[in-house]
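Trainee: If you scroll down you'll find the structure; I have some questions about it.
The values are calculated or read from the model by the stated rules, or taken from the named source; none is laboratory data. Everything quoted here is computed from the prediction, not taken from an experiment. FYI the Cβ positions are ideal-geometry reconstructions off the backbone, even for glycines, and counts take in every protein chain you see. Just the protein is used for accessible areas: all its heavy atoms, side chains included, with ligands, DNA and RNA removed. Shrake-Rupley method; radii C 1.70, N 1.55, O 1.52, S 1.80 Å.
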Amino acid sequence: FVKVLTISSSPLYFALYVILVMLGNVGNTTVIAVVGESLLRETGAVRSSDVILVNMAFSNLMVSLVRNTVVMVSDLGAEIFLSRDMCHLMMGIWVWLRSANVWSTFFLSAFHFQTLRRVAPPVITLHGPRGPPGSLILGFVLVWSLNLIYAIPAFIFSKNGDENSTETLMLVSSTTRPLMGCIWDFPSAYSGLAFATSSMVIHESLPICLMNITNLGSLLTLYAHGHSRNAGTKSQDAPVVILTLNVLFISSWGTNVISVNYFNYNRGSSTEFLLIIARFANMSFIAFSPIVLAVGHRQLRAFITSVLSRIISVFG
């Protein structure tokens, strides 16, 4: 058994974690509001890339509110212990949201790769059907519904503990310590490790491998396009931003995966430190992705410039 250190044991760690949580909450809310509002104002077919960005920001925000904000409140000293039924519900929701968040991010990477490989520009009719394409809606339905099915064991094999509970199994898609007294409760150690191993393959290793493939393909496609014609700076903004998002995700998710699986399969002397690193890595993509988007997305850049101008005019 490993008693996991809380971030609140270090004021510096806790302050940094609070900043990351607030960045994630405010940043992703801003992305949803600004990009979503521009989508609602579209009179014809909407930009699929913006719809995917809103879906990714929504999944980021849900993870940040339902999971990371609760961790922050817990580190402030609030002792909240849920009933067994509520632990079933919350463990399932945590696994569902985190897993959907991973595949929503890969959805963006795959769409970007497919768009770059398209030789001809997409045909957009001004008087066509309003709203995103049906295939895009189907993709969202599959991402959220399949991950809900994957999360079913979390609704079943979990229980409530107390302040002395320690976790013997960690999953990147749930928690890196008992949260609100909720812990895993598999029938045996073997079944727990089997679920952890399948999770490592399906929701941890596979997305990173696939995203590396699509990123490499995108880079090679951009390289080929650069040699075949002179591309304007404006046309390169979106590819650079999306590639930056993907690299940020791979680095944060990869660090999280390594740290948590070190706990599951090694239990060495560095376990406690690595679990704290896992929590920061888990939060970094959610916190910093809105900043990356603000640099490269036209509507977000205009909104933030407007807000900063008003702040300067008030205090200037």
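Trainee: Which value in nm describes the separation of the simple spin-label points at residue 314 and residue 210, placed 7 Å from the Cα toward the beta carbon?
Mentor: 4.3
Trainee: Mind ordering 107-117, 137-147 by average Cβ neighbours within 10 Å, highest first?
Mentor: The packing order, highest mean first, is 107-117, 137-147.
Trainee: When only the heavy atoms of the protein chains count and the probe is 1.4 Å, how do 75, 185 rank by accessible area, highest first?
Mentor: My answer, sorted largest first, is 185, 75.
Trainee: Next up: Can you pull the accessible area of residue 277 for me, 1.4 Å probe, Å² to the nearest 10?
Mentor: Near enough 60 Å² of accessible area.
Trainee: Points 7 angstrom from Cα along the Cβ direction at residue 305 and residue 156: gap in nanometres?
Mentor: Using points 7 Å along Cα→Cβ, the separation is 5.5 nm.
Trainee: Where does each of 57-70, 207-220 land if you order them by average Cβ count within 10 Å, highest first?
Mentor: Ranking the peptides 57-70, 207-220 by packing returns 57-70, 207-220.
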